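The values are calculated or read from the model by the stated rules, or taken from the named source; none is laboratory data. All values derive from a computational prediction rather than experimental measurement. Backbone-built Cβ (ideal geometry, glycine too); neighbour counts: all protein chains shown. Only protein heavy atoms, including side chains, enter the accessible area calculation; ligands, DNA and RNA are left aside. Shrake-Rupley method; radii C 1.70, N 1.55, O 1.52, S 1.80 Å.
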Amino acid sequence: LQVALIGLVYALPIIILAIFVSVPMEVMADYAATRSGLGFVEMLSVFVSVALSCFNFLWAIVISLVLPAAIGRFAAEGELSSAFRFGEIIALVRDNLATYAITAVMVWATGIMAGLGLLLCLIGVFFTAVYAELVTGHLYGQAYLEATGRAPEVVAEVAS
């Protein structure tokens, strides 16, 4: 539940923006429905929807880079507040951007593979979704360990 709360807090900007944009747009759409010939409201609605979608896409990229660091910090320190030290989290991601970008791509690919469980009459999704969450957690942990310099060294075996 605490990890879900961390994700919710990081998603709050887009949630709040969607609420503040959607409610007035819905009121205008209802008003336009009672009048005839108000094409401007429909055009404005489409424009705002597209703009909000673009911002949502960009914010999803930011979250996919920052959330693993925040959850890793929370797991390492054991305090919920450690995930919300935004300056430290952003600095960690900025200094290890390649690590977190690779993690984001791998988590994205894992999510796609989890969706393949739908092909097995919806039953497989229970197994693939759980497995995808386990893999995501592992990837987040590995990325945090790599970013903080705590990753275990790989020792090559010498053939004798």
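Observations on the model:
- In the stretch 108-125, the qualifying residues are those that are modelled with pLDDT under 75 and in contact with a Leu (Cβ under 8 Å, 6 or more places away or on another chain), and the one that is surrounded by the fewest Cβ atoms within 10 Å (Cβ to Cβ) is GLY124.
- Residue list for the stretch 54-91, filter: in contact with a Phe, Trp or Tyr (Cβ under 8 Å, 6 or more places away or on another chain) and farther than 19 Å from LEU1 by Cβ: SER64, LEU65, VAL66, ALA69
- Whichever residue in the stretch 66-92 is under 16 Å from the mean Cα position of the chain (by Cα) and free of Cβ contacts under 8 Å to residues at least 40 places away in the same chain and, among such residues, is least open to solvent (accessible area, probe 1.4 Å): ILE89
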